[in-house]
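The values are calculated or read from the model by the stated rules, or taken from the named source; none is laboratory data. Here the structure is a predicted model, which means the values were calculated and not measured. Every residue, glycine as well, gets a Cβ built from its backbone with ideal geometry; the counts of neighbours run over all protein chains shown. Accessible surface is based on the protein model in full, side chains and every heavy atom, while ligands, DNA and RNA are left aside. Shrake-Rupley method; radii C 1.70, N 1.55, O 1.52, S 1.80 Å.
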Amino acid sequence: MKKSTLGLLLLGLVLISSCKNSDPEKKEEDKLLAPTTFSYRIEMNNSMTHLPALQSFVLGTSGDYWLLIGGRTNGFHGFGNQQNFPFKKANKHIYAYNTANNTLDSISINNLPPKLQEQYTSSNMQHFQLQNYLYICGGYGEINANTPDSNWVTYPTFSRVDVSAMINAVVNQDVNALANSVVYEENDFQRATGGELYKLGQKFYLVLGHNFEGPYGGTSTQVYLDSVHVFTLTETDSSISIDPSSFQYISDNLNDSITQFRRRDLLVVPSVADDKSTVGLTVYGGVFTSPVLHDSTKANQPFRNPIYLQNGTTPSYTLDQNFTQRSNIYSSAFVTLYDSTDNVMFTTSFGGMGDTAVGAGDAFTKLILTIGRANPGNNTYTFYNANSMPDYLGTEADFIPSSQTMFNSEYGIVDFRSLPENTEVLLGHIYGGIKSKGPSWDPVNNPTSPSNEVYNVYITRN
(Lines give C-alpha, C1' and ligand atoms only; values in the text may rest on other atoms or scores of the structure.)
Protein backbone atom coordinates (compact mmCIF):
# COMPACT_ATOMS: atom_id res chain seq x y z
CA MET A 1 0.00 0.00 0.00
CA LYS A 2 1.28 3.41 -0.89
CA LYS A 3 0.88 6.54 1.19
CA SER A 4 0.24 9.81 -0.60
CA THR A 5 -0.64 13.36 0.34
CA LEU A 6 -4.32 13.97 -0.31
CA GLY A 7 -5.91 17.11 -1.57
CA LEU A 8 -8.74 15.48 -3.47
CA LEU A 9 -11.07 13.14 -1.61
CA LEU A 10 -13.86 13.63 -4.14
CA LEU A 11 -12.39 16.06 -6.63
CA GLY A 12 -12.70 13.25 -9.10
CA LEU A 13 -16.39 14.11 -9.27
CA VAL A 14 -15.28 16.94 -11.51
CA LEU A 15 -13.41 14.42 -13.59
CA ILE A 16 -16.46 12.18 -13.74
CA SER A 17 -18.34 15.27 -14.83
CA SER A 18 -15.93 16.06 -17.63
CA CYS A 19 -15.96 12.50 -18.97
CA LYS A 20 -18.55 12.91 -21.74
CA ASN A 21 -19.89 9.74 -23.24
CA SER A 22 -18.09 9.21 -26.52
CA ASP A 23 -19.76 5.95 -27.47
CA PRO A 24 -23.46 6.54 -28.19
CA GLU A 25 -23.58 3.32 -30.23
CA LYS A 26 -22.62 1.39 -27.10
CA LYS A 27 -25.59 2.96 -25.29
CA GLU A 28 -27.89 1.73 -28.03
CA GLU A 29 -26.28 -1.71 -27.78
CA ASP A 30 -27.09 -1.82 -24.08
CA LYS A 31 -30.69 -0.94 -24.79
CA LEU A 32 -30.94 -3.76 -27.32
CA LEU A 33 -29.41 -6.28 -24.92
CA ALA A 34 -31.64 -5.31 -22.05
CA PRO A 35 -35.02 -7.09 -21.79
CA THR A 36 -38.05 -5.12 -20.73
CA THR A 37 -38.22 -7.02 -17.47
CA PHE A 38 -39.55 -4.58 -14.89
CA SER A 39 -39.96 -0.90 -14.15
CA TYR A 40 -39.86 1.35 -11.10
CA ARG A 41 -41.93 4.28 -9.91
CA ILE A 42 -40.65 6.54 -7.12
CA GLU A 43 -42.86 8.84 -5.09
CA MET A 44 -42.56 10.86 -1.88
CA ASN A 45 -43.92 9.25 1.27
CA ASN A 46 -45.87 12.02 2.99
CA SER A 47 -46.56 10.13 6.21
CA MET A 48 -42.97 9.32 7.29
CA THR A 49 -42.01 12.86 8.21
CA HIS A 50 -40.23 12.95 11.58
CA LEU A 51 -36.88 11.53 10.57
CA PRO A 52 -33.58 13.42 11.01
CA ALA A 53 -31.74 14.72 7.96
CA LEU A 54 -28.70 12.45 7.59
CA GLN A 55 -26.25 11.21 5.00
CA SER A 56 -23.48 8.58 5.15
CA PHE A 57 -25.08 6.99 8.23
CA VAL A 58 -25.54 3.47 9.60
CA LEU A 59 -29.03 1.94 9.50
CA GLY A 60 -30.31 -1.16 11.25
CA THR A 61 -33.85 -2.53 11.43
CA SER A 62 -35.95 -4.47 13.95
CA GLY A 63 -39.68 -4.94 13.46
CA ASP A 64 -41.24 -1.54 12.77
CA TYR A 65 -38.12 0.32 13.90
CA TRP A 66 -35.19 1.87 12.07
CA LEU A 67 -32.03 2.42 14.12
CA LEU A 68 -29.85 5.31 12.92
CA ILE A 69 -26.23 5.84 13.95
CA GLY A 70 -23.57 8.33 12.86
CA GLY A 71 -23.37 10.20 9.56
CA ARG A 72 -23.46 13.87 8.71
CA THR A 73 -26.10 16.57 9.17
CA ASN A 74 -24.76 18.66 6.30
CA GLY A 75 -24.64 17.99 2.57
CA PHE A 76 -21.79 17.29 0.18
CA HIS A 77 -18.44 18.48 1.49
CA GLY A 78 -16.56 21.08 -0.52
CA PHE A 79 -12.91 21.29 -1.49
CA GLY A 80 -9.90 23.00 0.06
CA ASN A 81 -11.50 23.89 3.37
CA GLN A 82 -10.37 22.23 6.57
CA GLN A 83 -13.89 22.55 7.97
CA ASN A 84 -15.59 20.41 5.33
CA PHE A 85 -16.24 17.81 8.04
CA PRO A 86 -16.97 20.08 11.02
CA PHE A 87 -17.70 18.23 14.23
CA LYS A 88 -20.72 20.45 14.83
CA LYS A 89 -22.31 18.83 11.78
CA ALA A 90 -21.62 15.27 12.92
CA ASN A 91 -24.65 13.29 14.09
CA LYS A 92 -24.26 13.05 17.87
CA HIS A 93 -27.42 11.07 18.57
CA ILE A 94 -28.67 7.53 18.16
CA TYR A 95 -32.18 7.54 16.74
CA ALA A 96 -34.96 4.98 16.90
CA TYR A 97 -37.72 5.66 14.37
CA ASN A 98 -41.03 3.82 14.54
CA THR A 99 -42.31 3.44 10.98
CA ALA A 100 -45.74 2.30 12.17
CA ASN A 101 -46.68 5.42 14.13
CA ASN A 102 -44.15 7.95 12.79
CA THR A 103 -42.45 8.66 16.12
CA LEU A 104 -38.79 9.41 16.71
CA ASP A 105 -36.77 8.84 19.88
CA SER A 106 -33.13 9.73 20.40
CA ILE A 107 -30.33 9.50 22.94
CA SER A 108 -26.90 11.14 23.10
CA ILE A 109 -23.83 9.18 22.03
CA ASN A 110 -22.27 10.42 25.29
CA ASN A 111 -24.04 7.50 26.97
CA LEU A 112 -22.00 4.96 25.00
CA PRO A 113 -18.68 3.49 26.18
CA PRO A 114 -15.96 6.18 25.72
CA LYS A 115 -14.21 4.31 22.89
CA LEU A 116 -17.40 4.40 20.82
CA GLN A 117 -18.60 7.94 21.50
CA GLU A 118 -16.58 9.68 18.80
CA GLN A 119 -16.54 6.80 16.33
CA TYR A 120 -20.34 6.67 16.39
CA THR A 121 -20.42 10.28 15.16
CA SER A 122 -18.26 9.47 12.15
CA SER A 123 -19.07 9.33 8.45
CA ASN A 124 -19.05 6.29 6.14
CA MET A 125 -18.72 3.55 8.72
CA GLN A 126 -18.82 0.11 7.14
CA HIS A 127 -21.71 -1.94 8.48
CA PHE A 128 -23.72 -5.11 7.93
CA GLN A 129 -26.77 -6.48 9.74
CA LEU A 130 -27.20 -10.21 10.23
CA GLN A 131 -30.48 -11.02 11.97
CA ASN A 132 -30.50 -8.95 15.19
CA TYR A 133 -26.80 -8.10 15.17
CA LEU A 134 -25.45 -4.99 13.43
CA TYR A 135 -21.69 -5.06 12.83
CA ILE A 136 -19.92 -1.69 12.45
CA CYS A 137 -16.31 -0.76 11.77
CA GLY A 138 -14.16 2.22 10.82
CA GLY A 139 -15.52 5.55 9.66
CA TYR A 140 -13.94 9.00 9.32
CA GLY A 141 -14.41 11.57 12.07
CA GLU A 142 -12.85 13.88 14.60
CA ILE A 143 -11.19 12.84 17.84
CA ASN A 144 -10.73 15.11 20.85
CA ALA A 145 -13.12 17.60 19.27
CA ASN A 146 -12.97 21.22 20.46
CA THR A 147 -9.58 20.72 22.10
CA PRO A 148 -6.10 21.87 20.97
CA ASP A 149 -5.09 18.30 20.06
CA SER A 150 -8.16 17.51 17.99
CA ASN A 151 -7.62 15.69 14.73
CA TRP A 152 -9.49 13.72 12.06
CA VAL A 153 -8.90 9.99 11.81
CA THR A 154 -10.20 6.74 10.40
CA TYR A 155 -11.22 4.60 13.35
CA PRO A 156 -9.87 1.07 13.99
CA THR A 157 -12.84 -0.01 16.11
CA PHE A 158 -15.07 -2.98 15.26
CA SER A 159 -18.34 -3.29 17.20
CA ARG A 160 -21.46 -5.41 17.36
CA VAL A 161 -24.82 -3.85 18.21
CA ASP A 162 -27.78 -5.78 19.57
CA VAL A 163 -30.30 -3.88 17.44
CA SER A 164 -33.51 -4.59 19.37
CA ALA A 165 -31.78 -3.96 22.71
CA MET A 166 -30.36 -0.65 21.52
CA ILE A 167 -33.73 0.44 20.15
CA ASN A 168 -35.40 -0.37 23.46
CA ALA A 169 -32.68 1.55 25.30
CA VAL A 170 -33.23 4.61 23.12
CA VAL A 171 -37.02 4.49 23.43
CA ASN A 172 -36.86 4.01 27.21
CA GLN A 173 -33.93 6.41 27.72
CA ASP A 174 -32.09 3.64 29.55
CA VAL A 175 -28.41 4.61 29.54
CA ASN A 176 -27.25 1.38 31.19
CA ALA A 177 -29.10 -0.76 28.66
CA LEU A 178 -27.63 1.39 25.86
CA ALA A 179 -24.06 0.75 27.02
CA ASN A 180 -24.78 -2.97 27.38
CA SER A 181 -26.29 -3.25 23.89
CA VAL A 182 -22.91 -2.96 22.15
CA VAL A 183 -19.56 -4.74 22.42
CA TYR A 184 -16.38 -3.82 20.58
CA GLU A 185 -12.70 -4.48 19.90
CA GLU A 186 -9.93 -2.44 18.27
CA ASN A 187 -7.67 -3.68 15.47
CA ASP A 188 -5.96 -1.81 12.63
CA PHE A 189 -7.11 -4.54 10.23
CA GLN A 190 -10.56 -2.90 10.39
CA ARG A 191 -9.36 0.71 9.97
CA ALA A 192 -11.19 1.87 6.84
CA THR A 193 -13.81 4.28 5.55
CA GLY A 194 -15.76 4.38 2.31
CA GLY A 195 -15.74 0.61 1.88
CA GLU A 196 -18.43 -1.94 2.71
CA LEU A 197 -18.78 -4.79 5.20
CA TYR A 198 -20.43 -8.19 4.69
CA LYS A 199 -20.36 -11.65 6.23
CA LEU A 200 -20.25 -14.71 3.97
CA GLY A 201 -20.46 -17.95 5.88
CA GLN A 202 -18.22 -17.60 8.91
CA LYS A 203 -16.01 -14.92 7.37
CA PHE A 204 -16.34 -11.15 7.39
CA TYR A 205 -15.36 -9.22 4.28
CA LEU A 206 -14.19 -5.62 4.66
CA VAL A 207 -14.39 -4.64 1.02
CA LEU A 208 -11.97 -1.92 -0.07
CA GLY A 209 -12.05 1.68 1.21
CA HIS A 210 -9.13 3.71 2.56
CA ASN A 211 -7.49 5.02 5.70
CA PHE A 212 -7.76 8.82 5.71
CA GLU A 213 -5.81 10.67 8.40
CA GLY A 214 -5.90 14.40 9.08
CA PRO A 215 -8.30 17.25 8.31
CA TYR A 216 -9.94 17.09 4.94
CA GLY A 217 -8.56 19.93 2.84
CA GLY A 218 -5.55 20.35 5.15
CA THR A 219 -2.36 18.38 5.67
CA SER A 220 -3.54 14.80 5.40
CA THR A 221 -2.65 11.39 4.07
CA GLN A 222 -4.60 8.46 2.75
CA VAL A 223 -3.71 4.83 2.29
CA TYR A 224 -6.04 2.69 0.21
CA LEU A 225 -6.61 -0.84 1.42
CA ASP A 226 -5.95 -2.02 -2.16
CA SER A 227 -7.52 -5.30 -1.07
CA VAL A 228 -10.45 -7.00 0.59
CA HIS A 229 -9.76 -7.87 4.23
CA VAL A 230 -11.20 -11.24 5.28
CA PHE A 231 -11.36 -12.34 8.91
CA THR A 232 -13.39 -14.19 11.53
CA LEU A 233 -14.72 -13.30 14.97
CA THR A 234 -15.07 -15.25 18.16
CA GLU A 235 -18.41 -14.17 19.62
CA THR A 236 -20.33 -14.60 22.85
CA ASP A 237 -23.46 -12.86 24.07
CA SER A 238 -21.31 -10.24 25.79
CA SER A 239 -18.11 -10.02 23.75
CA ILE A 240 -16.42 -10.22 20.36
CA SER A 241 -12.81 -11.05 19.60
CA ILE A 242 -11.13 -10.58 16.20
CA ASP A 243 -9.00 -13.58 15.28
CA PRO A 244 -5.65 -12.36 13.81
CA SER A 245 -4.78 -15.90 12.70
CA SER A 246 -7.75 -15.77 10.30
CA PHE A 247 -6.59 -12.72 8.33
CA GLN A 248 -6.71 -13.16 4.55
CA TYR A 249 -6.46 -10.72 1.63
CA ILE A 250 -8.13 -10.64 -1.77
CA SER A 251 -6.19 -8.49 -4.23
CA ASP A 252 -4.45 -8.46 -7.59
CA ASN A 253 -1.28 -7.59 -5.62
CA LEU A 254 -0.43 -4.78 -8.00
CA ASN A 255 1.04 -1.43 -7.05
CA ASP A 256 -1.36 1.21 -5.74
CA SER A 257 -0.90 3.18 -8.96
CA ILE A 258 -2.35 0.42 -11.15
CA THR A 259 -4.39 -1.94 -8.96
CA GLN A 260 -8.08 -2.47 -9.64
CA PHE A 261 -8.64 -2.60 -5.87
CA ARG A 262 -7.90 1.10 -5.26
CA ARG A 263 -11.57 1.83 -4.71
CA ARG A 264 -13.93 3.46 -2.23
CA ASP A 265 -17.39 5.11 -2.20
CA LEU A 266 -18.79 2.33 -4.32
CA LEU A 267 -21.52 -0.30 -4.50
CA VAL A 268 -20.79 -3.71 -3.01
CA VAL A 269 -23.81 -5.95 -3.46
CA PRO A 270 -24.70 -9.59 -2.65
CA SER A 271 -24.85 -11.79 -5.74
CA VAL A 272 -26.22 -15.28 -6.28
CA ALA A 273 -23.70 -17.57 -7.99
CA ASP A 274 -24.09 -19.99 -10.89
CA ASP A 275 -25.33 -22.75 -8.61
CA LYS A 276 -28.44 -20.65 -7.79
CA SER A 277 -27.80 -20.75 -4.05
CA THR A 278 -24.30 -19.62 -3.01
CA VAL A 279 -24.00 -15.92 -2.25
CA GLY A 280 -20.90 -13.94 -3.19
CA LEU A 281 -20.27 -10.23 -3.60
CA THR A 282 -20.01 -7.90 -6.59
CA VAL A 283 -18.13 -4.61 -6.58
CA TYR A 284 -19.55 -1.97 -8.92
CA GLY A 285 -17.99 1.43 -9.61
CA GLY A 286 -15.87 3.22 -7.07
CA VAL A 287 -13.25 5.97 -7.17
CA PHE A 288 -10.47 6.86 -7.99
CA THR A 289 -7.66 5.62 -10.21
CA SER A 290 -4.24 6.83 -9.08
CA PRO A 291 -3.28 10.47 -9.82
CA VAL A 292 0.26 9.36 -10.71
CA LEU A 293 -0.57 7.25 -13.76
CA HIS A 294 1.69 7.86 -16.73
CA ASP A 295 -1.38 8.21 -18.94
CA SER A 296 -2.97 11.38 -17.53
CA THR A 297 -6.25 10.68 -19.32
CA LYS A 298 -6.72 7.61 -17.11
CA ALA A 299 -5.73 9.27 -13.81
CA ASN A 300 -8.32 10.26 -11.17
CA GLN A 301 -11.02 8.37 -13.06
CA PRO A 302 -13.76 6.11 -11.67
CA PHE A 303 -13.46 2.34 -11.91
CA ARG A 304 -15.84 0.85 -14.46
CA ASN A 305 -15.15 -2.92 -14.47
CA PRO A 306 -16.92 -5.05 -11.82
CA ILE A 307 -15.05 -7.31 -9.42
CA TYR A 308 -16.76 -10.58 -8.42
CA LEU A 309 -15.77 -11.96 -5.00
CA GLN A 310 -16.17 -15.64 -4.17
CA ASN A 311 -16.19 -17.09 -0.66
CA GLY A 312 -14.22 -20.21 0.19
CA THR A 313 -11.28 -21.62 2.07
CA THR A 314 -9.14 -19.36 -0.10
CA PRO A 315 -11.41 -16.46 -1.15
CA SER A 316 -10.94 -15.40 -4.76
CA TYR A 317 -12.04 -12.81 -7.28
CA THR A 318 -12.72 -12.25 -10.97
CA LEU A 319 -12.32 -8.91 -12.77
CA ASP A 320 -14.95 -8.50 -15.49
CA GLN A 321 -13.21 -6.62 -18.29
CA ASN A 322 -16.05 -7.33 -20.72
CA PHE A 323 -18.45 -4.91 -18.99
CA THR A 324 -18.01 -1.16 -18.64
CA GLN A 325 -20.17 0.78 -16.18
CA ARG A 326 -20.73 4.34 -17.34
CA SER A 327 -23.09 5.85 -14.77
CA ASN A 328 -24.22 5.66 -11.12
CA ILE A 329 -20.60 5.14 -10.13
CA TYR A 330 -20.85 6.39 -6.56
CA SER A 331 -22.31 4.84 -3.41
CA SER A 332 -26.11 5.06 -3.55
CA ALA A 333 -29.33 3.46 -2.40
CA PHE A 334 -29.68 0.11 -4.18
CA VAL A 335 -31.73 -3.07 -4.33
CA THR A 336 -30.88 -6.56 -5.58
CA LEU A 337 -33.30 -9.00 -7.20
CA TYR A 338 -32.69 -12.56 -8.35
CA ASP A 339 -34.48 -14.35 -11.17
CA SER A 340 -33.97 -18.05 -10.39
CA THR A 341 -35.68 -19.18 -13.61
CA ASP A 342 -33.31 -17.35 -15.96
CA ASN A 343 -30.44 -17.30 -13.41
CA VAL A 344 -30.04 -13.53 -13.62
CA MET A 345 -28.94 -11.21 -10.82
CA PHE A 346 -30.30 -7.65 -11.02
CA THR A 347 -28.78 -4.72 -9.14
CA THR A 348 -30.53 -1.35 -9.31
CA SER A 349 -28.83 1.88 -8.25
CA PHE A 350 -31.18 4.75 -7.44
CA GLY A 351 -29.50 8.03 -8.39
CA GLY A 352 -26.20 8.92 -6.81
CA MET A 353 -23.35 10.40 -8.81
CA GLY A 354 -22.02 9.86 -12.31
CA ASP A 355 -24.18 10.79 -15.30
CA THR A 356 -21.78 10.14 -18.16
CA ALA A 357 -24.04 7.50 -19.73
CA VAL A 358 -26.38 10.19 -21.01
CA GLY A 359 -23.62 12.66 -21.84
CA ALA A 360 -24.88 15.27 -19.39
CA GLY A 361 -21.40 15.86 -18.00
CA ASP A 362 -22.64 16.35 -14.46
CA ALA A 363 -21.94 14.81 -11.05
CA PHE A 364 -25.30 14.19 -9.36
CA THR A 365 -27.72 12.06 -11.35
CA LYS A 366 -31.41 11.18 -11.41
CA LEU A 367 -30.78 8.00 -13.37
CA ILE A 368 -32.14 4.68 -12.14
CA LEU A 369 -29.67 2.15 -13.47
CA THR A 370 -30.18 -1.62 -13.47
CA ILE A 371 -27.28 -3.98 -14.12
CA GLY A 372 -28.26 -7.49 -15.15
CA ARG A 373 -25.68 -10.24 -14.65
CA ALA A 374 -26.68 -13.49 -16.37
CA ASN A 375 -25.17 -16.72 -15.03
CA PRO A 376 -23.23 -18.66 -16.03
CA GLY A 377 -20.64 -16.66 -17.94
CA ASN A 378 -21.19 -13.22 -16.40
CA ASN A 379 -22.99 -11.87 -19.47
CA THR A 380 -23.66 -8.40 -18.09
CA TYR A 381 -25.83 -5.63 -19.50
CA THR A 382 -27.54 -2.43 -18.34
CA PHE A 383 -30.86 -0.71 -18.79
CA TYR A 384 -32.32 2.51 -17.45
CA ASN A 385 -35.74 3.02 -15.95
CA ALA A 386 -38.07 5.05 -18.16
CA ASN A 387 -38.77 7.44 -15.29
CA SER A 388 -35.86 8.94 -13.37
CA MET A 389 -35.64 9.87 -9.70
CA PRO A 390 -37.94 12.76 -8.71
CA ASP A 391 -34.89 14.81 -7.68
CA TYR A 392 -31.11 14.61 -7.48
CA LEU A 393 -31.15 12.01 -4.71
CA GLY A 394 -29.64 8.69 -3.71
CA THR A 395 -26.03 9.54 -2.90
CA GLU A 396 -25.10 7.97 0.47
CA ALA A 397 -28.78 7.12 1.00
CA ASP A 398 -30.20 3.80 2.13
CA PHE A 399 -32.79 1.44 0.65
CA ILE A 400 -34.95 -0.46 3.16
CA PRO A 401 -36.84 -3.42 1.64
CA SER A 402 -40.49 -3.92 2.48
CA SER A 403 -42.01 -7.32 3.24
CA GLN A 404 -41.64 -8.77 -0.24
CA THR A 405 -40.81 -12.45 -0.60
CA MET A 406 -37.04 -12.74 -0.38
CA PHE A 407 -34.88 -15.18 -2.26
CA ASN A 408 -32.33 -14.66 0.53
CA SER A 409 -33.52 -12.64 3.51
CA GLU A 410 -30.09 -12.44 5.16
CA TYR A 411 -28.80 -10.35 2.26
CA GLY A 412 -32.03 -8.61 1.27
CA ILE A 413 -32.15 -10.26 -2.17
CA VAL A 414 -35.70 -10.03 -3.53
CA ASP A 415 -37.18 -13.10 -5.19
CA PHE A 416 -37.98 -11.66 -8.62
CA ARG A 417 -40.22 -14.55 -9.66
CA SER A 418 -42.42 -14.07 -6.59
CA LEU A 419 -43.45 -10.60 -7.80
CA PRO A 420 -46.89 -10.63 -9.45
CA GLU A 421 -46.91 -9.89 -13.15
CA ASN A 422 -48.30 -6.57 -14.41
CA THR A 423 -49.11 -5.46 -10.87
CA GLU A 424 -47.42 -2.60 -9.09
CA VAL A 425 -46.15 -3.48 -5.60
CA LEU A 426 -44.26 -1.57 -2.94
CA LEU A 427 -40.67 -2.82 -3.02
CA GLY A 428 -39.28 -0.65 -0.23
CA HIS A 429 -38.20 2.84 0.80
CA ILE A 430 -35.29 5.18 0.14
CA TYR A 431 -34.26 7.34 3.06
CA GLY A 432 -31.64 10.01 3.70
CA GLY A 433 -28.53 10.79 1.69
CA ILE A 434 -27.45 13.94 -0.09
CA LYS A 435 -30.08 16.03 -1.86
CA SER A 436 -29.03 18.43 -4.58
CA LYS A 437 -30.94 21.19 -6.34
CA GLY A 438 -29.19 20.45 -9.59
CA PRO A 439 -26.66 18.16 -11.22
CA SER A 440 -23.59 20.23 -10.29
CA TRP A 441 -22.43 21.05 -6.78
CA ASP A 442 -21.76 24.74 -6.17
CA PRO A 443 -20.88 26.16 -2.73
CA VAL A 444 -22.95 29.33 -3.33
CA ASN A 445 -25.80 28.43 -5.64
CA ASN A 446 -26.15 24.74 -4.77
CA PRO A 447 -24.51 23.84 -1.44
CA THR A 448 -26.69 20.68 -1.20
CA SER A 449 -28.22 19.31 1.99
CA PRO A 450 -28.86 16.03 3.80
CA SER A 451 -32.29 14.55 3.25
CA ASN A 452 -34.86 13.59 5.88
CA GLU A 453 -37.32 12.50 3.21
CA VAL A 454 -38.60 8.99 2.55
CA TYR A 455 -39.52 7.81 -0.93
CA ASN A 456 -41.66 4.82 -1.80
CA VAL A 457 -40.17 2.53 -4.44
CA TYR A 458 -42.75 0.65 -6.49
CA ILE A 459 -41.92 -2.09 -8.98
CA THR A 460 -43.96 -3.61 -11.80
CA ARG A 461 -42.82 -6.90 -13.24
CA ASN A 462 -43.75 -7.10 -16.89
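Summary of values
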read-out: Rg(Cα) / (2.2 N^0.38 Å) computed for the chain, rounded to two decimals; value: 0.91
read-out: Pairwise FRET efficiency - THR147 versus THR37, Cβ, R0 = 41 Å, nearest 0.05; value: 0.15
read-out: Dipole magnitude of segment 394-461 about its Cα centre (Cβ charges: Lys, Arg +1; Asp, Glu -1), debye to nearest 20; value: 120
read-out: Magnitude of the charge dipole, segment 187-327, Cβ model with Lys/Arg +1 and Asp/Glu -1, debye to 20; value: 380
read-out: Viscosity 1.306 mPa s, 10 °C: Kirkwood-radius Stokes-Einstein D of segment 48-188 over Cα pairs, µm²/s; value: 104
read-out: Whole-Hz ³J(HN,Hα) from phi, Karplus 6.51 cos²θ - 1.76 cosθ + 1.60, for segment 130-136, glycine and proline x; value: 10, 6, 8, 9, 10, 9, 9
read-out: Cα Rg over Rh - segment 372-454, Kirkwood; value: 1.06
read-out: Å² per residue, accessible surface of segment 381-462 at 1.4 Å; value: 41
read-out: Accessible area (Å², per residue) of segment 195-300, counting only protein heavy atoms and a probe of 1.4 Å; value: 36
read-out: Positive-end residue, the chain charge dipole about Cα centroid, Cβ charges, pick of SER449, VAL182, PHE323; value: SER449
read-out: Estimated [θ] at 222 nm from DSSP helical runs (n ≥ 4, -39500 (n - 2.57)) normalised by residues in the chain, nearest 500; value: -2000 deg cm²/dmol
read-out: Cα principal axis extents for segment 82-153, largest first, Å; value: 44, 25, 24
read-out: Rg in Å to one decimal, and Dmax rounded to a whole Å, for segment 264-326 via C-alpha atoms; value: 13.8, 43
read-out: Segment 236-388 shape via C-alpha gyration tensor axes, a/c threshold 1.5; value: oblate
read-out: Rh (Kirkwood; distinct C-alpha pairs) - segment 153-238, Å; value: 14.8
read-out: Kirkwood Rh, Cα atoms: Rg over Rh of segment 247-295; value: 1.08
read-out: Rg ratio (alpha-carbon, reference 2.2 N^0.38 Å) - segment 124-174; value: 1.44
read-out: Assigned charges on the beta-carbon of Lys, Arg, Asp, Glu; the chain dipole about Cα centre (debye); value: 720
read-out: For peptides 104-117, 380-393, sequence by mean Cβ density within 10 Å, most packed first; value: 380-393, 104-117
read-out: Percent accessible area from carbon and sulfur atoms, the chain, protein chains only, probe 1.4 Å; value: 47
read-out: Kirkwood hydrodynamic radius over Cα pairs of segment 309-393, then Stokes diffusion coefficient at 37 °C and 0.692 mPa s, in µm²/s; value: 233
read-out: Segment 172-308 - Debye-derived log10 I(q)/I(0), Cα point model, q = 0.10, 0.18, 0.21 Å⁻¹; value: -0.43, -1.10, -1.29
read-out: If the convex hull is drawn through the Cα atoms of segment 390-432, its volume per residue in Å³; value: 91
read-out: Segment 318-462 shape via C-alpha gyration tensor axes, a/c threshold 1.5; value: oblate
